[in-house]
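One structure is given here, and the rest of the page talks about it.
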Amino acid sequence: MNEILSNIKNIVLKHTDNEALFKESEERHLNFSYQGHKYFIILGRDEALECTVVYCDDKGDVYAIDDELKTLLNKILPLKQDDFTIGIDKFAHVSWLLDQTEIEESMVNVLEKSDEILQDVVVAIEDVKLKLEQSDEPQKTLAVSTPNQSSNVKDKSVIEVVKSTLKEQEWNFKEIEPGRIVQTGFKTDKYKDDDGDGGCALVISHDGNEVTFYTPFLYNLLNNLKQEIDQKKVILRQAKLGLLSLHMTSTRKFTTMYYDENDGEIQYEVRQFLNGENSFSKEQVLRGVRALRMIVDEFHLKFTDGVMDDSKSVDSFSQDLFVPKAKKDIVLEALTEKIAAHADNMEKLNDKQLDEIAKEVASITQKMLQSELTD
């Protein structure tokens, strides 16, 4: 093996605690898998080093992209980023140019960031596909026609499609309410429940022209609190939860957060709307599960280290969520000042006052997001 690639292999093993699995490599090629994804490092004839990381799901399958979807994504997604390039040719991937003068730092950056970036890329692609499917005109151009059409079901009920898809995936499930509600679950990478287990329950329900995927009791906001005694901490957590909900709904389409003030239950929801023909497909089932799993993992640390950390102020948490994304200092200052002005007396405000603050924060945040899209 080339000396440069041999050095990279040692760096990867060191920084992944030997979890990276290497395959037999060639003189100028180094291949390994890590966090479920496939890494391909090529040393070019001009000595340039490129690392391509290919997204793989929990079954080891790549995220396929056909020519029609590729054409649409080329128009919508900003493929060229500062440090990497999003790849949408045949399958979802990201490509990095490695700096040989700082090879260890460069490779560690790839290892630390690739998984989260790929998850975001797939969520963005899913958003595009879902939005197009829910629009009559684009759906005609995007719909993929196959000879047997077994995955596009018009003559089966929605729940029958859900059950057949779960059976095909060999997932355990239970029909809670015949013809309307099915319960199953999925494994997670970052999310851990109170017992430290990775994975959570998933409920899929059909009501009218809407299919909802949600995670019952994903968290309990009242954990380790006595609501009647620790009222200030409850209100602090609720204020930060409201910011997290705002951040989620402003960055993830068709996603909402549900909170029950009575028992502290928090659940995430992904909604899909049926078209006029009331058809539903296997792909839509898998897409809903995949999108929810990504959101659960993506927002886990924001919840545990932000919302549930009673030492973290509302002001500090708002900066964690919104400052890295901001490009307009004046907008950012308006947001943080608005929250900081009320952070110490949240418990004294009535519902109407809290609603007004929420509206002002939402307005400021919306301006911030719009500035990102126009800059």
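The values are calculated or read from the model by the stated rules, or taken from the named source; none is laboratory data. These numbers come from a predicted model, not from an experiment. So basically every Cβ, Gly included, is an ideal-geometry build from the backbone, and we count neighbours across all protein chains shown. Note: areas computed on protein heavy atoms with side chains; ligands, DNA, RNA excluded. Shrake-Rupley method; radii C 1.70, N 1.55, O 1.52, S 1.80 Å.
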Accessible area per residue, 1.4 Å probe, Å², for region 219-319: what's the number?
-> 41 Å²
For region 179-309, which whole-number percentage of the solvent-accessible area (1.4 Å probe, protein heavy atoms only) is attributable to carbon and sulfur atoms?
-> 44 percent
Let me know the Kirkwood hydrodynamic radius for region 210-275, please, with Cα pairs as the basis and the value in Å to one decimal.
-> 12.9 Å
From a point 7 Å beyond the Cα of residue 101 in the direction of its Cβ, which residues of region 39-53 have a backbone N at a distance under 17 Å?
-> 47-49
Can you send over the carbon and sulfur percentage of the accessible area for region 1-108, probe radius 1.4 Å, protein chains only?
-> 47 percent
Place the peptides 236-244, 121-129 in order of packing, highest mean first, counting for every residue the other Cβ atoms within 10 Å and averaging per peptide.
-> 236-244, 121-129
Excluding residue 311 itself, what net charge comes from residues whose Cβ is under 14 Å from its Cβ, given Lys and Arg +1 and Asp and Glu -1?
-> -1
Over what distance in Å are the Cα centres of region 229-262 and region 44-117 separated?
-> 33 Å
Calculated FRET efficiency for the pair residue 210/residue 83, C-beta based, R₀ 30 Å, to 0.05 = 0.15
Do the alpha carbons of any pairs in 113/240; 59/129; 90/129; 14/312; 59/282; 113/190 sit beyond 24 Å of each other, and which pairs?
-> 113/240; 14/312
Of the listed peptides 297-303, 17-23, what is their order by residue-averaged count of other C-beta atoms within 10 Å, with the highest listed first?
-> 297-303, 17-23
Starting with the highest mean, order 311-322, 280-291 by the number of other Cβ atoms within 10 Å, averaged over the residues of each peptide.
-> 280-291, 311-322
Name the shape class, rounded, prolate or oblate, that the alpha-carbon gyration tensor gives for region 32-72, where a ≥ b ≥ c are the square roots of its eigenvalues, rounded holds for a/c under 1.5, and otherwise prolate holds if a/b is larger than b/c and oblate otherwise.
-> oblate
